[in-house]
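**Q** Take a look at the following structure, please.
The values are calculated or read from the model by the stated rules, or taken from the named source; none is laboratory data. Just so we're clear, the structure is a prediction, and the values are computed from it rather than from any experiment. We place every Cβ from the backbone using ideal geometry, glycine too, and count neighbours over all the protein chains shown. To get the accessible areas, we keep the full protein, side chains included, count just its heavy atoms, and leave off ligands, DNA and RNA. Shrake-Rupley method; radii C 1.70, N 1.55, O 1.52, S 1.80 Å.
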Amino acid sequence: MSFKSSVAIAAGRASYWFLHNFLHGGTALPGKITLALDPEVLQTLSKNYEVVIITGTNGKTLTTALTVKVLRTKYTNVLTNPSGSNMKQGIVTAFLTAHKTKSGKPLAVLETDEANVALITRYVNPSAFVLTNIFRDQMDRYGEIYTTYDKILAGIRLAPKATIIANGDAPIFNSKELPNPVIYYGFNAEKDREQMAAPNTDGLLCPRCKKILHYYQLTYSNLGKYYCPNCDFKRPDLKHQVTKIKEQTPTSSTFEIDAHPVTLHIGGTYNIYNALAAYSVGRHFDIDPKLIAQALDSKDEKIFGRQEVISIDGKEVTLILVKNPVGLDQVLNMIKTDHDPFSLAVLLNANYADGIDTSWIWDGRFEELPFERIPSVLAGGERYRDIAFRLKVAGVPAKNFEERESLNAVLESIKKMPTEHVYVLATYTAVLQLRKAMAAQDYIKEGMEQ
């Protein structure tokens, strides 16, 4: 280790210690300090690790958490960035604060922002990339889905021997030839029937002949058993697949992967994909399917803002991050499976971390919500007027509706809602702000780290 790296690492660790002992914590700043002193420090920090990079539009944080749980059934030394701080500075902090054990191969499972894959791969040598999906998201940062994929590919091309573990139901991941070994996972839980995706769905053009793709099975958006009716482009063979979905509720899913029963204590079809990705990584590391199922069945993992359930004055408040139309629609579909009355709050910010373009809220199908079973609806956040107008257009009854800009005011309104269960859908910085307000009132121990 060079003298410059030693100084940088010492400074980063000291800043982390100070932040977590005297202030409210933080994951980005220690990494920023370390990188300012040694821009190439990540190469030194990751030198002895086998690295798995997890990236994609939706599901990175939960897929990372589930993958770590799976790998820890076999390996004792697994580093990760659990707070979701997935840019270079957050990943540096994850290495700075890792607690190594003396035995066992050290692994690093890194959630990585799509635009940062090349920045990270320049300094680490990943053995595997996990690709969850690519949907339209934060157009000001990423552009169209093909631009996003090109950003990811720029990183993958720096590691041509790394195994790609990709969602085979996403046509974009089968659109370009790569030298890497590839493992595909996906859904095969229905009988084939001819169908097409909705007309406003992204990524439906065949990459070879530009005709519109058709489907034999369609999970949601552009994910499914696709094929081109004009050429031989089709979904690749799946190595791991969801073979049956038994039951889904807002808080759990029971299904089978490769005919092995799995229970996941979190709702949503999109989260079954996340569990399938983690399963595929586990099998790649030769972990027994029964051990993987046991790890996925655990209830002890809480992920900030990802269907996190927080008790507030006797109410169960489920906090869910939303950030793009596909993810929003899947969340709306999930909460519709709740058969009991519930209240709803939708919090919209438009800061850089959220994406400054809020037009995506118009692509979410709020009109399909069962407003007859939702006695209280709230629009909040810095852009509360935008989301309030969207909800009014969707048909929310005026007598059940209120608007609040301040997140402290939102929290007070949540306490007064008439149902035991409240769903709060919030953009990233709104999640941070609401959790800070909750922490100030001792409903949670601390706000989300930044």
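**Q** What about Asp357, is it assigned to a loop (DSSP other than H, G, I, E, B) and either more than 21 Å from the chain's Cα centre (by Cα) or surrounded by 21 or more Cβ atoms within 10 Å (Cβ to Cβ) (or both)?
**A** Details: assigned to a loop (DSSP other than H, G, I, E, B): yes; either more than 21 Å from the chain's Cα centre (by Cα) or surrounded by 21 or more Cβ atoms within 10 Å (Cβ to Cβ) (or both): no.
It is false that Asp357 is assigned to a loop (DSSP other than H, G, I, E, B) and either more than 21 Å from the chain's Cα centre (by Cα) or surrounded by 21 or more Cβ atoms within 10 Å (Cβ to Cβ) (or both).
**Q** Examine region 274-297 for a residue that is closer than 30 Å to Asn408 by Cα and surrounded by 21 or more Cβ atoms within 10 Å (Cβ to Cβ), and state whether such a residue exists. Break it down into steps so the answer makes sense when it comes.
**A** We begin by selecting, within region 274-297, every residue closer than 30 Å to Asn408 by Cα; these are none.
No: region 274-297 contains no residue that is closer than 30 Å to Asn408 by Cα and surrounded by 21 or more Cβ atoms within 10 Å (Cβ to Cβ).
**Q** Then there's this: What number of residues within region 30-45 satisfy the criterion of being open to solvent by 10 Å² or more (accessible area, probe 1.4 Å) and either closer than 15 Å to Ser280 by Cβ or out of contact with any Ser or Thr (no Cβ under 6 Å at 6 or more places or on another chain) (or both)?
**A** Total satisfying the criteria: 8.
**Q** How many residues does region 190-209 contain that are buried (at least 17 other Cβ atoms within 10 Å of the Cβ) and within 24 Å of Ile272 (Cα to Cα)?
**A** Selection size over region 190-209: 5.
**Q** Taking the stated definitions as given, is Arg72 in contact with a strand residue (DSSP E or B) (Cβ under 6 Å, 6 or more places away or on another chain) and surrounded by fewer than 21 Cβ atoms within 10 Å (Cβ to Cβ)?
**A** Spelling it out, Arg72 is indeed in contact with a strand residue (DSSP E or B) (Cβ under 6 Å, 6 or more places away or on another chain) and surrounded by fewer than 21 Cβ atoms within 10 Å (Cβ to Cβ).
**Q** Limited to region 167-185, what total is found for residues that are assigned to a strand (DSSP E or B) and touching a Pro at 6+ places or on another chain (Cβ under 9 Å)?
**A** Result for region 167-185: 2.
**Q** So the check is Cβ under 6 Å with 6+ separation or different chains; which pairs have a first residue in region 272-299 that's more than 13 Å from Ile257 (Cα to Cα) and a second one that's open to solvent by 10 Å² or more (accessible area, probe 1.4 Å) and part of a helix (DSSP H, G or I)?
**A** If the second residue must be open to solvent by 10 Å² or more (accessible area, probe 1.4 Å) and part of a helix (DSSP H, G or I), the pairs left are Ala295/Lys69.
**Q** From the residues in region 360-379 that are of a type outside the set (A, V, I, L, M, F, W, C), outside any loop (DSSP other than H, G, I, E, B) and farther than 14 Å from Leu328 by Cβ, which one is least open to solvent (accessible area, probe 1.4 Å)? Show your work before the answer.
**A** In the first step, residues of region 360-379 are kept if they are of a type outside the set (A, V, I, L, M, F, W, C); the result is 363-365, 367-368, 370, 372-373, 375-376.
From what's left, outside any loop (DSSP other than H, G, I, E, B): 367-368, 372-373.
Narrowing the set further to residues that are farther than 14 Å from Leu328 by Cβ leaves 372-373.
Numbers: Glu372: 152, Arg373: 61 Å².
The residue in question is Arg373.
**Q** Can you tell me which residue among Thr57, Thr97 is under 12 Å from the mean Cα position of the chain (by Cα), touching a residue at least 60 places away in the same chain (Cβ under 8 Å) and open to solvent by less than 50 Å² (accessible area, probe 1.4 Å)?
**A** Working: Thr97 fails: under 12 Å from the mean Cα position of the chain (by Cα).
Being under 12 Å from the mean Cα position of the chain (by Cα), touching a residue at least 60 places away in the same chain (Cβ under 8 Å) and open to solvent by less than 50 Å² (accessible area, probe 1.4 Å) holds for just one of Thr57, Thr97, which is Thr57.
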